[in-house]
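One structure is given here, and the rest of the page talks about it.
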Amino acid sequence: MVEAGLEFLSYALEAPAARRLFAMGILPPARALSIEFLHPMVWDQRINIEVSVKEIRVHSFSLLFAAHNTDSEATFRATITQVCVSPETKRPVMLPDALRAALERQGGQHFHR
């Protein structure tokens, strides 16, 4: 799920996510993670993960994940909320305009991994 989220952000930002976010002067730690397992999975099972923007707020954003196995059975649903913080103060800061615009462009679209 973490890899899918980074790929989604890299796609949205049109560059490697970590580098772009650091260049914007922010760190994006997770504030909340929720996951609901819907169907058993086994080790090394191939799954498809769909990522979309769930919510964009002043200091944070949330991504929604929906995973399916190769038989199209839903395996899990998850949400992660990440907060933009200053590397210096470790306090929340506003979403940079470039990040907000990239997330808004993805609104309503689904990224498949």
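Quick notes on this one:
- Ordering His110, Ala12, Pro28 by Cα displacement along the dipole of the range 2-112 toward the positive end leaves Pro28 in first place; charges were set at the Cβ atoms of Lys, Arg (+1) and Asp, Glu (-1).
- Using alpha-carbon coordinates, inclination of helix 2-13 to the longest axis of the chain, degrees: 50
- With a Förster radius of 25 Å applied to the C-beta separation of His59 and Ser34, the computed FRET efficiency comes to 0.85.
- When the alpha carbon gyration tensor of the range 45-100 is reduced to an equivalent ellipsoid, its three semi-axes come out at 31, 11, 8 angstrom, largest first.
- Residue-by-residue Karplus 3J(HN,Hα) for the range 62-77, coefficients 6.51, -1.76, 1.60, Hz, glycine and proline x: 10, 10, 10, 10, 10, 10, 9, 7, 5, 8, 6, 7, 5, 9, 7, 10
- Measuring how big the range 2-112 is from its alpha-carbon positions, Rg and Dmax come out at 14.7, 47 Å.
- Sites Ala101 and Asn48, calculated FRET efficiency, Cβ-Cβ separation with R0 30 Å, nearest 0.05: 0.65
- Helix 97-106 and the longest principal axis of the Cα set of the chain meet at an angle near 20°.
Laboratory data are not the source of any read-out in this text; all were calculated from the coordinates shown. This is a predicted model, so every value here is computed, not measured. With ideal geometry, Cβ positions are generated from the backbone for all residues, glycine too; neighbour counts draw on all protein chains shown.
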